Every structure is written in structure tokens, then in C-alpha cells.
Amino acid sequence: MKKTFALVLLLSCCISFFSFAQSLPLIGKPKKIALTFDACMTRGMLSRLESGLEKSLYDPSIVAFLHQQKVPATIFITGIWAEKYPSVVRQIASDSLFEIGNHSYSHRGFVPDCYALPNLPDNEKVNDILKTQEILMQLSGKKPVLFRFPGGCYTSADTKLVKSLGLKVVGWSFPSGDAFNYDSKSVIQYVLSNAKADAVIVFHLSGGRYAPKTAEIIKAIIPSLRKQGFEFSKVSGLSRYR
Ligand SMILES: [Zn+2]
């Protein structure tokens, strides 16, 4: 009888401990989420900017809000955007909240038919990536280690190429939908309902007609995501990119 009682006690202890151990990761692990901002610029966008058809391809209120709210973020920059806004690249690089990734030189598609982007021929790919590395390194003093394909279009050969140049490819869990979108409410709702631990979300840094409501959107989602228990992280802070 005593033996049976002892066995039952031991079993119930084991079961309790097992349940407790199972719940541990939920207690200790913060729900990380990475906000990323692409500073895209094609040659077409550059000529619109230079001819005055676009006022600016940078909305400074986005970075200012992230800084004020102490929200870490990863910013993917194209080479020609960096050449146009060198002081902004220096400013972003000097802020420890942010990290800079390579987003190609002139935002050409690595495969044909990528969102109407001009195509980047195979024999120009290495130079396109390395030229941007050089520009970003000169301005930031740091060698970028992350790379994002323009439009998210690539083949397996392209990922191999990027990796061979010492860069990690960063995609996204879902795009926020901020590009060319004036309906900020729907973007906010979409992001908040799709947010999950370790997600990487794409936004754009340009403002203007390319990303008209991004500043307004992040001002709404950042406090809401915090309330949902999310902790903001740079991409490099997510376990799969370490
Ligand atoms: Zn882009």
C-alpha cells in the first residue's frame, strides 16, 4: 500500500514537473519582432528626383520616431540612395539602434519580370552587390552583413552568389503593404493581425507617393505591438540570422 502511494506521489510529481518545464519557454522567452525599412531607388526614381518630379525619397520622420521610441530596426539601403543621401546613411549608422543592410546598387531585379523592375544581368550581379558594400562601408565605417534582394526576386544561384560574398540573405515573413498605399488603416490592421514571434516585416523609407503613410502606420503599430507583448529587434538579433 505504502509502495503504491509512493509511486502515485512520484508520478504526480513527475507530471507536475513536466507541465512546469513545458511552460518555462513561454515565461522566459520574449516575443521578438523585426521591423525593416527599405531605402529603394531605381535609376528611374533617381531621374524623377533629379528632375523635380519627386520632392524627396526619404521621410526623416520615420527614423526620428524609431529613435525617439528606442525601437531597433534594420534598414536596407540601395547604393544610389546612399549616394543621394550620404548624411542620412552616416546618421543611421551612428545610431546603435539601427543596422544597415545591402539592398543592391540600383534596385534592379535579379530575375526578369520582378515587379516591372529593370533586369540586372548575371554578369553584373557581383559588381552591383560589391559596389554597394563599398559605398555603405565608406559611409558607415561598417561592412554590411545582410542583403535583401530588390522585390524579393531571386533564384537559388543568386542566394549562393550572395552567400559567397559573405552576406546573409534576409527575406520577410510578410510585407506590411505600405508601398503606394494611402489606406493606412488597412495596413495597420493587417500588420497587427499577422504579427507573430520572430517575424520580419517590410516597410519603406521613402515617403512621398512610394510610401505615403509609413510614418503614420508605424506610429500606430509600435505602441500596439508593445501592448501585445512584442519586443523589437534588429534582424541580426533573431536567432535564425545570428
Ligand atoms: Zn526595395
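The values are calculated or read from the model by the stated rules, or taken from the named source; none is laboratory data. In this text the structure is predicted, and so the values were computed from the model without any measurement. Glycine also receives a Cβ, built like all others from the backbone with ideal geometry; neighbour counts cover every protein chain displayed.
Hey, can you tell me all the residues within region 28-39 that are polar (S, T, N, Q) and more than 16 Å from the ligand (Cβ to nearest atom)? Hits for region 28-39: nothing passes.
Flag: I188 does not match the condition of being of a type in the set (V, I, T) and under 20 Å from A39 (Cβ atoms). Residues that are surrounded by fewer than 21 Cβ atoms within 10 Å (Cβ to Cβ) and either closer than 30 Å to G52 by Cβ or of a type outside the set (S, T, Y) (or both) within region 189-199 comprise Q189, L192, N194, A195, K196, A197, D198, A199, listed in sequence order. The set of residues from region 101-125 being among the aliphatic types (A, V, I, L, M) and in contact with a helix residue (DSSP H, G or I) (Cβ under 7 Å, 6 or more places away or on another chain) comprises L117, L120. When residues in region 225-242 are screened for being surrounded by fewer than 14 Cβ atoms within 10 Å (Cβ to Cβ) and assigned to a loop (DSSP other than H, G, I, E, B), 3 of them pass. Evaluate the following for H103: is it of a type outside the set (G, A, S) and in contact with a strand residue (DSSP E or B) (Cβ under 6 Å, 6 or more places away or on another chain)? For H103, the condition - of a type outside the set (G, A, S) and in contact with a strand residue (DSSP E or B) (Cβ under 6 Å, 6 or more places away or on another chain) - is met.
For region 103-141, a residue qualifies if it is touching a Gly at 6+ places or on another chain (Cβ under 7 Å) and at pLDDT below 95, and exactly one does: Y115. For region 172-191, state whether one or more residues are part of a helix (DSSP H, G or I), under 15 Å from the mean Cα position of the chain (by Cα) and more than 19 Å from R108 (Cβ to Cβ). Scanning region 172-191 turns up at least one residue that is part of a helix (DSSP H, G or I), under 15 Å from the mean Cα position of the chain (by Cα) and more than 19 Å from R108 (Cβ to Cβ). Of the residues making up region 121-130, those that are under 21 Å from the mean Cα position of the chain (by Cα) and more than 13 Å from F76 (Cα to Cα) number 2.
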